[in-house]
Amino acid sequence: MGKTTAEKIFAAHRRDNPSGENVVLDLDVVMCHEITTPIAINDLVERGLDRVFDPTKIKVVIDHVTPSKDSKTATQAKILREWAHRQNIKDFFDVGANGVCHALFPEKGFIRPGNTVIMGDSHTCTHGAFGAFAAGVGTTDLEVGILKGVCSFRLPATMKVNINGTLPDGVYAKDVILKIIKDLTVNGATDKVMEFVGPVVDEMTMESRMTLCNMAIEAGATCGICMPDRVTAEYLWPFISGAYSTVDEAVADFSKWHSDADADYDSEITFDVAELVPQVTYGFKPDEVKDVPDMEGTPVNQVYIGSCTNGRIEDLREAAKILQGRTLAPGVRGILAPATPLVYSTALAEGIIQIFMAAGFCVTNPTCGACLGMSNGVLAAGEVCASTTNRNFNGRMGKGGMVHLMSPLSAAAAAVKGCITDPRNI
Amino acid sequence: MKNFSGSALFLDRSDINTDEIIPAKYLTENSKQDLKPFILEDLTLAGFDQSRDIDKAGVIVTRANFGCGSSREHAVWVFEVNDINVVIAEGFARIFRQNMFNCGMLAIELPAADIDTIMAMGADVQIAVDLEAATLTAKGNQEVTFDFDLNSFDKDLVGAGGWLAYADSKY
């Protein structure tokens, strides 16, 4: 019997089997941000265990509230900053160099096919786009990861998600994953690895694959995974050119992580996207999804484009196609948070920032900020936001606010119309 | 080991997420104790009144996919600092369940029919867990004992007082 990608990664990283159902894995990358790490650091200090298993395998960023907005967030940043310095962690990204973790770390080439990755952040599943096993964990798992370089998981059951057809114009990875979550429900992939395969995934850029894997957690999945291929190798080439003589060689090597043809899947589902239309959430759960035309005319107060789901350069390019030569509808606030400094500077160079600003958008620094209602665009009670983020939970972007999740193109369309509207008609 | 008994608080809804358990705006606290007043602040649920229900609660009884969403362990700590060390549910989101055991607390899964039975025992239900026997007894207008599955590793985590103590002694 063959193995799935997750099973191959587990087999290659197995440190221990504390029970028949659980394994303890050696970790390749432990990522840290200022919201979930400081309590782990303080606890390690109190226990007299203030050390790290390997400073080169720990990647640190201040991203959720940055620059700090008050004394408490400044203290979190300070704890993280001083710890990174004290532990000789070179890959530490502070104000000016920082960005949304799940956009920044892939850009730096930190995640490679076959890696095991954890972070105290549920959207760590994003990095499965590189053919890695990447899982969000709590602070205690993070703390043990920092100290020992290991993490426990139950044996992975893999759900194969075939995505067939060709994406119609105006329909993107975000629409695909919202449709998948709608069909699976928020509990449909709990404790499973979602393996995204098929011609649609093969054609996707790494940015789109990251959008797809990013929201696997919203169906309950431990991780999303894409097969590492030529797209992966070309994205990573600046970082792996020392290890391989050609991209072809890297592609061939990456294929060792592909699921075997006779791998044993826990379940398998198939989507055809040929008839898919833009998708949008309507309630307080990410599986409460409708076709955008069915929500046509729903007024919005704010449009937010950014986050680890859709704050990358291709997202900004798509939104700019609609915003070019147009302005925000009267009374609508537009906020753009490019996910990383590189996204920001690329958008500047391409004239995209100018398009957003001419349309009337506020452009903020790279940060998670408004996505979880912490800073830079929090909603007031009764306000409605068209958002490219990943969660529409009650209160998520501010107590009493309503969030409608959608693609960057749909969000840009909402910005110029002042309501949810089909971007294909603009 | 922690106290694994107490008065049941019924949260009769599936998919209660960690933003509802502890909103993100409180994640700037660097002390677990400081989270205490904000437990379940954004949970809107018929019959649930945070100011009335939390003080007497020792065990949460709820439905499917409890603790979905964010990985924030604050959602476990906020129960811990309110002396709630057991959550009984039809099912859990993976990260929340692991966070519970990692803190030496119990995330117990029971079939939906058993949750129905417990929730039908009246407003005042006392729950006691026997970890060794892997049973829990609910006592309201009747008394029923339920078996539950306890993975040996999860049990070891509870016995060790959590994953850090376990891992530090073993790896």
Which of the three applies to segment A:39-135, rounded, prolate or oblate, going by the alpha-carbon gyration tensor with a ≥ b ≥ c and a/c under 1.5 meaning rounded?
oblate
Quick one: compute the contact order of chain B, relative version, from alpha carbon pairs under 8 angstrom and 6+ residues apart, as a percent.
23
Checked segment A:1-54 against the a/c 1.5 cut and the a/b vs b/c comparison, axes a ≥ b ≥ c from its Cα gyration tensor; verdict prolate
Paramagnetic reach from A:Leu49 (point 7 Å along Cα→Cβ, amide N under 13 Å) across segment A:10-42:
A:40-42
Rounded, prolate or oblate, given the Cα gyration tensor of segment A:5-270, with a/c below 1.5 counting as rounded?
prolate
Solvent accessible area, Å² - A:Phe239, 1.4 Å probe, full protein context
80
Quick one: Cα convex hull volume of chain B, Å³ per residue?
107
Among B:Val61, B:Leu157, B:Val87 the positive-end extreme of the charge dipole of segment B:5-170 (Cβ point charges)
B:Leu157
Could you name the aspartates and glutamates whose alpha carbon sits less than 19 Å from that of B:Lys36, not counting residues in the same chain fewer than 8 places away?
A:Asp43, B:Asp19, B:Glu20, B:Asp49, B:Asp53, B:Asp55, B:Glu73, B:Glu80, B:Asp83
Gained length - A:Ala243 relative to A:Asn164, 0.36 nm times residue gap less alpha-carbon distance:
25.1 nm
From the cross-link list B:Lys2/B:Lys56; A:Lys182/A:Lys285; A:Lys174/A:Lys321; A:Lys148/A:Lys192; A:Lys72/B:Lys32, which pairs have alpha carbons spaced over 21 Å apart?
A:Lys148/A:Lys192
Longest site-free stretch - chain A; sites: trypsin sites (Lys or Arg not before Pro), DSSP loop, at most 16 other Cβ within 10 Å
A:109-398
If you place +1 on the Cβ of every Lys and Arg and -1 on the Cβ of every Asp and Glu, how big does the dipole about the Cα centre of chain A come out, in debye to the nearest 20?
1220
Listed pairs A:Lys78/A:Lys399; A:Lys108/A:Lys160; A:Lys57/A:Lys90 exceeding 21 Å between Cα atoms
A:Lys78/A:Lys399; A:Lys108/A:Lys160
In Å² (nearest 100), what accessible area is buried between A and B, both sides summed, heavy protein atoms only, 1.4 Å probe?
4100
How much of the accessible area of segment A:100-242, probe 1.4 Å, is carbon plus sulfur, in whole percent?
46
What is the Cα centroid distance between segment A:1-71 and segment A:115-129, reported in whole angstrom?
10
Under 13 Å Cα-Cα from B:Lys25, which aspartates and glutamates qualify once same-chain neighbours fewer than 8 residues away are excluded?
A:Asp70, B:Asp34, B:Glu41, B:Asp42
Kindly report, to the nearest 10 Å², the accessible surface of A:Glu383 as traced by a 1.4 Å probe over protein heavy atoms only.
40
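The values are calculated or read from the model by the stated rules, or taken from the named source; none is laboratory data. Since the model is a prediction, treat every value here as computed from it, not as a measurement. As a convention, Cβ positions derive from the backbone with ideal geometry for all residues, glycine included, and neighbour counts pool all protein chains shown. The area values use the complete protein model at the heavy-atom level, side chains included, leaving out ligands, DNA and RNA. Shrake-Rupley method; radii C 1.70, N 1.55, O 1.52, S 1.80 Å.
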